[in-house]
Amino acid sequence: MNYDAGVFYDSTVGLGFIVRDEEGKSVLEGVKRCLVASGNNLLIEALALHFGVLSEIERGLQVAILETDSKTLVHTLGGVSTPGASSALIVEDIVGVLEATGVRDIKFTRRGANRPAHYSPSPNFDCVWDEGVPSECLRLIEDDVRREPLNLA
């Protein structure tokens, strides 16, 4: 699963994720655009991961590898650094969920290699697709398959 978050000009936050099979084919995608009262980068990235992981669990999927462009979140989930107070509870919940679901690896990937996770068409948008993905999002997914993640493990 690849996930990401971004802040838009209107101060809303976009959360997105993509789950792919071993051939890179998309099997589940989701985007959510919302307002977050207190937004530091770690908290926003953690919210995107949480959104993706819970969507997978709800659909009975099991993901073995996570990809993110947040080195801070990779280090925090790996126990290398400690989250601040605003992020601690969500990070604690994510760690418990990841342990329970058997995620094997969390990888850092370049920012350009997760563009589909940035697809969020309008404020107050919340959608998860397992089919019928918008064509503009599919183009980003197909292009993204050609990019390789970096492994910091």
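Annotations for the structure displayed:
- The eigenvalues of the Cα gyration tensor, multiplied by 5 and square-rooted, give region 44-84 an equivalent ellipsoid with semi-axes of 21, 11, 9 Å from largest to smallest.
- Gain on full extension, evaluated as 0.36 nm per residue between Ser81 and Leu54 minus their Cα-Cα distance, stands at 7.3 nm.
- Which of Phe17, Phe8, Phe108 is most accessible, then next, and so on - probe 1.4 Å: Phe8, Phe108, Phe17
- Computed Rg/Rh of region 1-41, alpha carbon atoms with Kirkwood Rh: 1.11
- In this structure the amide hydrogen of Val27, modeled in the peptide plane, comes within under 5 Å of the amide hydrogens of Val19, Arg20, Asp21, none closer than 5 places in sequence on its chain.
- Among 66-74, 23-31, 97-105, sorting by the average number of other beta carbon atoms lying within 10 angstrom of each residue, highest first, gives 66-74, 23-31, 97-105.
- Considering all C-alpha pairs of region 2-82, those separated by over 17 Å amount to 47%.
- Cβ crowding within 10 Å averaged over residues, with 77-89, 47-59 ranked highest first: 47-59, 77-89
The values are calculated or read from the model by the stated rules, or taken from the named source; none is laboratory data. Predicted, not measured: the structure shown is a model, and the values here were computed from it. Reconstructed Cβ throughout: ideal geometry from the backbone, glycine too, with neighbour counts over all protein chains shown. To get the accessible areas, we keep the full protein, side chains included, count just its heavy atoms, and leave off ligands, DNA and RNA. Shrake-Rupley method; radii C 1.70, N 1.55, O 1.52, S 1.80 Å.
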